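Heads up, the thing below is written out as C-alpha cells.
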Amino acid sequence: MCLPVREAARAIVVAASLAAVARKAVDGTHTPGVRMELTKRGDYAVRAMLALARAPDGRRISVRRIAEEMTIPVRFLPQVMGDLAAAGLVEATTGRAGGYRLARPATEVSLLEVVEAVEGDSRRRTCVLRAGPCGVDGFCDVHDVFFEAQDAMLRTLAHARLADLPLRRGGRLAEGADRPGRQGE
C-alpha cells in the first residue's frame, strides 16, 4: 500500500467515506465533514478544468480569467496548465486571442485523469504500517483493506466526468456559467 504511517489515520477516514461521497457528488447531494485532500497543484488543476468544462461552446479562456473565476493564484496556474497540456487534457493557443480549452469533451475527461496529470500515478507504494515499500517483506495486516479502499477511490475518480459534476455557486464559478451539454433540458 502506498500511504506513509503519519497519514494512516487520515487515510482511514478517507477510505471509509470517499467512494460514497464521490457517488453522491455526481447526483448532487452533499456530505459535510469529509476529508479528502489534494496537493495545491491537484486542487488548482481540478478547478481550472472545471472552469474550462463550463466555458460556453469550448471558448478559450485566459490564465488570468481562470485564476480570477476559480480563485487560483495566477503565478502558479501557467505551470499547472502546462502539465494539463502535456497530458493532452487541454489545448493552448498563444497570442492576444489565445487561452486554453479542453482537448476533449467534458463528458470524456475523468477526475482521475486530471489529478494524475499534475500529481502522477495515484497508486501509493508505501506500506501503511511499516513506512517502507509495500510487499517487500510480505503484506501487513491492513494491506487488503487499504488496497481495496484505494481501488474504490480510483474507480470512483475514474468514473466521475467533468460534465457530470454539480455546479455549486460556492465553488467560485462565475455567475451565469452553464454546465456543458445541459442546454435545452
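Assorted remarks:
- Net length gained if the chain between R64 and D121 were fully extended (0.36 nm per residue, minus Cα distance): 17.7 nm
- With the convex hull of the Cα atoms taken as the outline of the stretch 51-175, the averaged projected area works out to 9.6 nm².
Values quoted throughout were computed directly from the atomic coordinates according to the rules given, and no laboratory measurement underlies them. Nothing here was measured: the structure is a model prediction, and the numbers come from that model.
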